[in-house]
Amino acid sequence: MQKTILIVEDEDILREIIKDYLMNEGYHVLEAADGKEALLLFQAHDVHLIMLDIMLPELDGWSVCRRIRKSSNVPIIMLTARVDEDDTLLGFELGADDYVTKPYSPAVLLARAKRLIDSRNREERQSDAPVSQASSDTLSTNGIQMNLSSRSLTVDGEQVHLTYTEFQILAYLMQNKGIVISRDQLISKIWGYEYEGDDRTVNTHIRNLRSKLGDKSKLITTIVRTGYKFEGNA
């Protein structure tokens, strides 16, 4: 099935360049020049990934990201000309999955989009697997239950909403329960490309994840100057 990417960018020329590049790769592309138009298009179409500029008329990218995250974990790549590290962290705190600073290569942007979409494709194929394989799609410990096929999480029976990246991180930590996972390992596994930021990005995602886990947050322990470990019983 052809995948749909929503480009939200107020610079017409840049938006057209990205659109042409994506269409040449076989994607269906939707375009929005401001935040309000982006929300309308997202609500009206089945969107598989969003490329979202921050500095937009009508409604900025942070506000768009915040509203979408109230109802969807669709992968979001933030696009910005701002290089302030705090801006990057704010984007991740609001639920962005990736962050690309202008000027950037369309090839790099495409590679990051493909990574997110391919990960989602693998999950969709897993969800179509026979019921007999369901047990391998479930991670459960200490009242936390993750279904990898449906991408659902419950904590003590209560549904908890995670962003795409938060879900990936928690699943990876639970799959390696009791093992120390370095920040570099998390970056390689979750982002899957050469990383240009610093450890604060990983720390921000972990902080967001812990806040959503409530009392269970203590199961994710910080290993000083190394990384993280998920502690839990069977």
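The values are calculated or read from the model by the stated rules, or taken from the named source; none is laboratory data. This structure is a prediction, so every number in the text was calculated from the model and none was measured. Neighbour counts run over all protein chains shown; Cβ positions are idealised from the backbone, glycine included. Only protein heavy atoms, including side chains, enter the accessible area calculation; ligands, DNA and RNA are left aside. Shrake-Rupley method; radii C 1.70, N 1.55, O 1.52, S 1.80 Å.
Going by average Cβ density within 10 Å per residue, which order do the peptides 177-188, 69-80 take, highest to lowest?
Per-residue mean Cβ counts within 10 Å order the peptides as 69-80, 177-188.
Going from most exposed to least, what order do ARG200, ARG115 have by accessible area with a 1.4 Å probe?
Largest to smallest exposure gives the sequence ARG200, ARG115.
Work out from phi, with θ = phi - 60° and the Karplus expression 6.51 cos²θ - 1.76 cosθ + 1.60, the ³J(HN,Hα) of each residue of region 162-179, listed in order in whole Hz, and give x for Gly and Pro.
10, 6, 4, 5, 4, 5, 4, 5, 4, 4, 5, 5, 5, 5, 10, 3, x, 10
Restricting to bridges with both residues inside the chain, how much of the DSSP beta-bridge set is antiparallel, in percent to the nearest 5?
50 percent
Could you work out how far apart the two model spin labels at GLN175 and ARG200 are, taking each label as a point 7 Å from the Cα in the direction of the beta carbon, and quote it in nm?
Result: 3.0 nm between the two label points.
Nearest 0.05, what FRET efficiency do ARG207 and ALA44 give at R0 = 35 Å with Cβ-Cβ as r?
Calculated transfer efficiency: 0.55.
Report the calculated FRET efficiency for ALA81 and LYS114 (r = Cβ-Cβ distance, R0 = 22 Å), to the nearest 0.05.
That pair, ALA81 with LYS114, gives E of 0.40.
Quick one: give the max-minus-min coordinate of the C-alpha atoms of the chain along each principal axis, largest first, in Å.
Ordered largest first, the chain gives principal extents of 54, 42, 29 Å.
Take region 6-111, drop everything but the C-alpha atoms, weight them equally and run the Debye formula without solvent; then report log10 I(q)/I(0) at 0.12, 0.14, 0.18 Å⁻¹ to two decimals.
Log10 I(q)/I(0), no solvent term: -0.34, -0.47, -0.82.
Starting from the Cα gyration tensor of region 149-189, multiply each eigenvalue by 5, take the square root, and state the resulting semi-axes largest first in whole Å.
Calculated on Cα positions only, the semi-axes equal 21, 12, 8 Å.
Using only alpha carbon pairs under 8 Å that are at least six residues apart, calculate the relative contact order of the chain and give it in whole percent.
14 percent
With the Cα gyration tensor of region 1-64 in hand, convert its eigenvalues to equivalent ellipsoid semi-axes via √(5λ) and list them largest first in whole Å.
Ellipsoid semi-axes (Å, largest first): 19, 14, 8.
Under 19 Å from a label point 7 Å along Cα→Cβ of LYS70: give me every residue in region 156-195 with its amide N that close.
Under 19 Å, as judged by backbone N against the label point of LYS70, lie 160-164 of region 156-195.
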